[in-house]
Amino acid sequence: MLARHATRQHLPLEGLAGQPRLAFGFDPTRSQSYSLRQSRYEALAADIGAAARDAARAGRRLRVIDVGCGTGILGLYLRRTANFANIELAGTDLRDDIAFARDAYRDFFAGDLTEGYGQIASGAYDYVVCEQVLEHLPSLAGPVATLQRLARPGGRVAIGVPIFVTPLVAVRRYLVPLLDRIVDPDRSRGHLQFFSLRSLRATVERQPGLRLRKLRGFRIVSGGPLRPLENFRWWWRLNRRLGELAPGLCIEVQAILDKVPDAES
């Protein structure tokens with residue numbers, strides 16, 4: 001079953017006449033009320049908001065780091081949660097390009113995930129998020145180890161990547177670049193890693209100290225003639241449910257992991 005979503009009170013009905021729709025009522029990057037592409041951020045915000053509520057009940061604040069935060073979309077979603085006042089949010093990236101919810105980020109660390117973020121203390125965060133980053137990196141073992149290091153023992157790590165159904169991984173890795181060189185030699189897609197659900201699972205399970213809690217998918221079918229359906233709540237809920245049941249058929253997947261309590265940072 002889907003959890004109760006912390007951002008739900010902000011969802012639009014149909015929008016006021018003459019005003020553009022905003023994804024989930026506040027995200028200007030998409031014009032569909034229940035954007036399937038942005039559902040991954042809505043889901044993360046719901047989870048982190050619930051963790052912040054639990055932390056508040058225990059008398060402590062929740063420390064969250066958004067690794068590869070880009071323009072700050074996760075902060076935009078977290079700021080709308082009921083328990084955001086109990087979240088201390090930090091971001092990292094090659095440079096500070098946060099354009100959305102800049103005030104939501106208490107700290108920012110400039111640097112490259114592949115170099116390990118030595119300026120950040122081990123075990124400093126309750127929740128480590130790395131969304132749509134690993135596919136851009138030349139290697140995976142070091143970055144995943146860094147994500148594990150940043151989480152406190154008993155903390156959580158969320159890793160999101162685009163995936164392909166297994167037979168299509170080779171097509172994307174080898175055939176698409178070949179066609180690009182023929183049709184559009186100047187095009188750069190920016191992806192260096194290509195995941196299936198199986199390879200993502202293998203990547204995260206290879207890291208000592210992390211235990212896979214669940215895999216959840218987003219966007220089995222979206223865009224094109226189906227895009228207008230993303231203005232309906234039932235379509236969003238259906239896609240979220242299908243993503244829980246069959247993540248391997250989706251376009252994007254999140255691996256939700258626990259750092260085992262006795263793991264070394």
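Just so it is clear, none of the values below were taken in a lab; they were calculated from the coordinates. Keep in mind the model is a prediction, meaning the values are calculated, not measured. We place every Cβ from the backbone using ideal geometry, glycine too, and count neighbours over all the protein chains shown.
Here are a few things to note about the model shown:
- Gain upon complete extension [residue 110, residue 132; 0.36 nm per residue less C-alpha separation]: 6.2 nm
- Two-site FRET efficiency, residue 205 against residue 227, from Cβ-Cβ distance with R₀ of 51 Å, rounded to 0.05: 0.90
- Relative compactness, the stretch 31-77, computed as alpha-carbon Rg over 2.2 N^0.38 Å: 1.32
- Zero-based 10 Å bins, Cα pair distances in the stretch 23-172, whole percents: 11, 40, 35, 13, 1, 0
- Cα gyration tensor shape for the stretch 28-110, rounded if a/c is under 1.5, else prolate or oblate: oblate
- Calculated FRET efficiency for the pair residue 212/residue 184, C-beta based, R₀ 45 Å, to 0.05: 0.75
- On the basis of the beta-carbon distance and an R0 of 25 Å, residue 198 and residue 141 show a calculated FRET efficiency of 0.90.
- Packing-based exposure ordering (other Cβ within 10 Å, fewest first) of 67, 161, 133, 221: 221, 133, 161, 67
- Other residues with beta-carbon under 12 Å from the beta-carbon of residue 223 carry, at +1 per Lys or Arg and -1 per Asp or Glu, a net charge of +3.
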